[in-house]
Amino acid sequence: MPAVLAVTIMLGACILSGQKASHSQVPEFVLTYAENQPEDYPTTQGAYRFAQLVFERTGGRVEIQVNAGGALGEEQSTVAQMRFGGIDFARVSLTSLSEFVPELNVLQMPYLYTDADHMWKVLEGQIGDDFLDSLDGFGLVALSWYDAGARNFYSSKKPVESLEDVKGMRIRVQESELMIAMVEALGASAAPMAYEEVYSALETGAIDAAENNWPSYESMSHYEVAPYYTVDEHTRVPEMQIASEDTWKKLPMEFQEVIRECAKESALYERELWAKRIRQSERRVRRAGCQVIELSAEEKARFREAMMPVYGEYCHEYMDIVEKIIEAGIRGPDHGPGQNPVACGDGILHGSNFICRPGAKALMGRVYNSNARIPLPGLFQYRCGKFLERAVRRTSPG
Ligand code: GCU
């Protein structure tokens, strides 16, 4: 039953029975929430927590009804409907939003983050806040960030153990120009399609492979039809809880504030669940007999190299933000082994470490001893020639 109709009937019933509608009996707003994951999935559980908090903190005046399992349609159409007020809230992958707000591609570029901590440092800082604001003007309001881990390839007929194995494969990707470009950069052909269609496309052989995080691979049972999972972590795609701007404008300010606060709290809860679910999902698929392939550092570097040209295509206008993101991932000195030294500015790049030359003490605003080994994120190594030299110059004393 449509939400507005339900409220009207309930109000009518109260009036007929001569009762005054009290806030605890009849919500003033009954709003829809779209989620394309199954009921027990971390993001869905986060949505239920969000709805419960909003209901409690508005004294029952705002009720949010969560529709899981893609009941309100697939993700792209959810976003499209929300822009015109057809659905009130949703949790979506950034990939679906970036078709409307291209700047969001920046946050899901291949091998951008060193790890989850790096991504969270970015999302929880100024860059993340600025990106939340970037939905303004697109008919949407961003509320919070949800976790979706790293995405990996999985295949049905043969395992992906090297870059050569990917070449010529037909790989399902999300419906996004960036994702298409990423798999094409590996020499594969891209099959953009909705999440809900992936299982049968793998089963019928319409595609050879797909890519997603551990929990999606497990919960959508893709592992049953694509038993080879290759941990290459080619991208981390953050997710967002969003509201329709049409709905938002109808809500009094006090409710808007409560909703924002509850969204942020539910996001913390989702992250806890996410961390547990990754481990559970991995255990489940391994127990089911799937073959998990861990790429060597060298092979992973080849995947990374192959995908780097998409930065030029999709990010060239935003390289300043990309550089800030990379800077946020720089950690303290480390003594890991390295290979393939490349000369660069005030030091040399050795494997995945930047080794300061004697006399060069500062890098990215930090002071290091000469010969310190500083582990660098992948993209940083790739762009070493230009960017690192500039960075060293900028922060070197004198
Ligand atoms: C993840 C994400 C979904 C998205 C899906 C996809 O599972 O959580 O929101 O739809 O990827 O690959 O389409």
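With a sphere of radius 13 Å drawn around the Cβ of R283, what net charge do the other residues whose Cβ falls strictly inside it have (Lys, Arg +1; Asp, Glu -1)?
Net charge around R283: +4.
Using a probe of 1.4 Å, the accessible surface attributed to H316 totals some 110 Å² when neighbouring protein chains are kept in position. Dividing the mean sequence gap of close Cα pairs (under 8 Å, 6+ apart) by how many residues the range 196-299 holds gives a relative contact order of 45 percent.
Along each principal axis, taking the top coordinate minus the bottom one, the Cα set of the range 41-95 gives 33, 26, 19 Å in descending order. Computed over the range 100-195, the percent of Cα pairs more than 22 Å apart is 41. Taking all protein chains as shown and a probe of 1.4 angstrom, K157 keeps an accessible surface of around 140 Å².
For the range 134-257, rounded, prolate or oblate, judged on the Cα gyration tensor with a ≥ b ≥ c (square roots of eigenvalues), a/c < 1.5 rounded, else prolate if a/b > b/c?
prolate
If the segment from K250 to E164 were pulled out straight at 0.36 nm per residue, it would be longer than the present Cα-Cα gap by 25.6 nm. Annotation for S221 and E272: the two label points, set 7 Å from Cα along the Cα-Cβ direction, are 3.1 nm apart.
Using the Kirkwood radius built from alpha carbon pairs, what does the Stokes-Einstein equation give as D for the range 243-293 at 25 °C and 0.890 mPa s, in µm² per second?
177
Across the range 88-235, the mean sequence separation of Cα contacts (distance under 8 Å, 6 or more residues apart), normalised by length, yields a relative contact order of 29 percent. Over the range 179-234, Cα pairs under 8 Å with separation of 6+ residues give a relative contact order of 26 percent. In a DSSP loop and with at most 16 other Cβ atoms within 10 Å, the chymotrypsin sites (Phe, Trp or Tyr not before Pro) in the range 25-88 are F84.
Would you kindly work out the equivalent ellipsoid of the range 227-327 from its C-alpha gyration tensor and give its semi-axes, the square roots of five times the eigenvalues, largest first in whole Å?
Values: eigenvalues 243, 125, 25 Å².
Taking √(5λ) for each eigenvalue gives 35, 25, 11 Å, largest first.
Per-residue SASA remark: D129, around 70 Å² accessible (1.4 Å probe; ligands, DNA and RNA not included).
Can you compute the FRET efficiency between F84 and E203 using 1/(1 + (r/R0)^6), with r the Cβ-Cβ distance and R0 = 45 Å? Round to the nearest 0.05. Rounded to the nearest 0.05, the efficiency is 0.80.
The values are calculated or read from the model by the stated rules, or taken from the named source; none is laboratory data. Remember, it's a predicted structure, so these values are computed and weren't measured experimentally. Heads up, the Cβs are rebuilt from the backbone with ideal geometry, glycines too, and the neighbour counts pull from every protein chain shown. SASA here: full protein model, heavy atoms, side chains in, ligands and nucleic acids out. Shrake-Rupley method; radii C 1.70, N 1.55, O 1.52, S 1.80 Å.
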